[in-house]
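Report on the following structure.
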């Protein structure tokens, strides 16, 4: 079986800033002051976008 080659996705400074803002919002919601990682935030946003694309098709 052939191994897939996946390249990293590069984000703009504005996109990273938006992810950090969402991360901080999640930290404020948490009773313990715990925030998800930037990677977790990005994966969740990406999943939402993909699910919206599937619904609209």
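The values are calculated or read from the model by the stated rules, or taken from the named source; none is laboratory data. Note that the structure is predicted; figures quoted are calculated from it, not measured. Cβ placement follows ideal geometry from the backbone for every residue including glycine, while neighbour counts extend to all protein chains displayed.
Among the conditions (1) surrounded by 11 or more Cβ atoms within 10 Å (Cβ to Cβ); (2) in a helix (DSSP H, G or I), the only one that residue 36 does not satisfy is (2).
Only one of the numbered conditions (1) at pLDDT 90 or above; (2) loosely packed, with under 10 Cβ neighbours inside 10 Å is not met by residue 55, and that is (1). The numbered conditions (1) surrounded by 10 or more Cβ atoms within 10 Å (Cβ to Cβ); (2) assigned to a loop (DSSP other than H, G, I, E, B) are all true for residue 24 except (2). Would you be able to tell me the number of residues in region 1-11 that are closer than 14 Å to residue 38 by Cβ and exposed (fewer than 10 other Cβ atoms within 10 Å of the Cβ)? Total satisfying the criteria: 3. Every condition in (1) part of a helix (DSSP H, G or I); (2) surrounded by fewer than 13 Cβ atoms within 10 Å (Cβ to Cβ) is met by residue 18 except one, and the failing one is (2). Of the residues making up region 39-52, not a single one is in a loop (DSSP other than H, G, I, E, B) and on the phi < 0 side of the Ramachandran plot.
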